[in-house]
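K.L.:
Got a structure for you, written out below as structure tokens; questions coming shortly.
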Amino acid sequence: GQCEESVAILGQVEQLERKLSAADPEDLRALADLDVILDDEAAAWESEANPLLAPHGSNRQASTATAAGLLEQYLAVIDKMLRQDPSNENWKLLRADAQVRLATAQTALGHPKAALAAAGLATLKQLTGKGPASPMELDVAASGFLRVQPASLRDAQFALACEKRAADQSHRHRPYILLALAQALRATGNFAEARTTAKEALALLAAAQPGTRRPNIRKMLEAAAQAGP
């Protein structure tokens, strides 16, 4: 939950990765490293815009705008990578995720991007709806269908199916997947099961230490474990 501290460090790494990438624009490793950093920076600002996680007095609109700008850069790097390796399905998944997140941020800023969101969701469903998919891939797809804006594009039942598969494949040992499963259960009206699943995930975390900051995963799980009705 220390956004300012994290983005300062990530910004330093981003500048280093940009120099490495500029030194050899065809080096996919350097591009991939830059892509990871831009994703991490965008995720930090997305968390800062989350009312459950944002510190008191923070500017959620400004955080969302910063996240949108980083997601645009992130998407541009992925497109450059895909031009060199068009068949890479992992990058296709990341591109679809970036499209959905960017469209969601733009909608929150008053600039709906339904076509962009729909394109990303279609790719996510194509890559995970049938056949094998890793827990991470399933979680990415579920997150898109659960949180996308405009909300009319959401499909909570598909998100729930993905998160159930992800939880089974990970043997219910990954707290972030159980959190997402709890959120999908809640979105489909399974409130009691959502709370039980959140408590199951909380039991996997290290015990909270007095005087230390609660990590975001704990904040979200505690909220999910107590949410009504």
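K.L.:
With all protein chains present and a 1.4 Å probe, how do HIS56, HIS173, HIS111 order by accessible area, largest first?
P.N.:
Values: HIS56 195, HIS173 125, HIS111 105 Å².
Of HIS56, HIS173, HIS111, the descending order of accessible area is HIS56, HIS173, HIS111.
K.L.:
Sticking with this structure for a sec: Provide the per-residue ³J(HN,Hα) series for segment 155-167, in order, calculated from phi with Karplus coefficients 6.51, -1.76, 1.60 and θ = phi - 60°, each as a whole number of Hz, with x at glycine and proline positions.
P.N.:
Each residue's phi maps through the Karplus curve to give 9, 5, 5, 5, 4, 5, 4, 5, 5, 5, 5, 5, 5 Hz.
K.L.:
Just tell me the longest site-free run in the chain, where the sites are trypsin sites (Lys or Arg not before Pro) in a DSSP loop having at most 12 other beta-carbon atoms within 10 Å.
P.N.:
On the way: sites that count: LYS130, ARG213.
It runs 1-129.
K.L.:
Write out the GluC sites (Glu not before Pro) in segment 1-54 meeting two conditions: DSSP loop, and at most 13 other Cβ atoms within 10 Å of their Cβ.
P.N.:
Working: sites: GLU4, GLU5, GLU14, GLU17, GLU26, GLU41, GLU46, GLU48; in loops: GLU26.
Counting only loop positions with at most 13 other Cβ atoms within 10 Å, the GluC sites (Glu not before Pro) in segment 1-54 are GLU26.
K.L.:
Once you have the alpha carbon radius of gyration of segment 14-83, what is it after dividing by 2.2 N^0.38 Å, with N set to its residue count? Present the calculation step by step, with values, prior to reporting the outcome.
P.N.:
Details: Rg = 14.0 Å, N = 70, 2.2 N^0.38 = 11.1 Å.
That works out to 1.26 for segment 14-83.
K.L.:
Summing Lys, Arg as +1 and Asp, Glu as -1, what charge do residues with Cβ under 12 Å from the Cβ of GLU200 carry, GLU200 excluded? Could the numbers behind the result be given before it?
P.N.:
Details: positive: ARG172, ARG174, ARG195, LYS199; negative: GLU193.
Local charge sum for GLU200: +3.
K.L.:
Now for a separate question. Report Rg(Cα)/(2.2 N^0.38 Å) for segment 94-166, keeping two decimals. Please list the in-between numbers first.
P.N.:
On the way: Rg = 11.4 Å, N = 73, 2.2 N^0.38 = 11.2 Å.
Here the Cα radius of gyration is 1.02 times the empirical estimate.
K.L.:
Which of LEU127, LEU38, LEU204 ends up with the largest GNM mean-square fluctuation for the chain, with Cα atoms connected below 10 Å?
P.N.:
In the Gaussian network model the winner is LEU204.
K.L.:
Which semi-axes, in whole Å and largest first, does the equivalent ellipsoid of the chain have when worked out from the alpha carbon gyration tensor as the square roots of 5 times its eigenvalues?
P.N.:
28, 22, 18
The values are calculated or read from the model by the stated rules, or taken from the named source; none is laboratory data. Here the structure is a predicted model, which is why all the values come from computation and not from measurement. For neighbour counting, all protein chains shown are included, and Cβ atoms are generated from backbone atoms with ideal geometry for every residue, glycine included. To get the accessible areas, we keep the full protein, side chains included, count just its heavy atoms, and leave off ligands, DNA and RNA. Shrake-Rupley method; radii C 1.70, N 1.55, O 1.52, S 1.80 Å.
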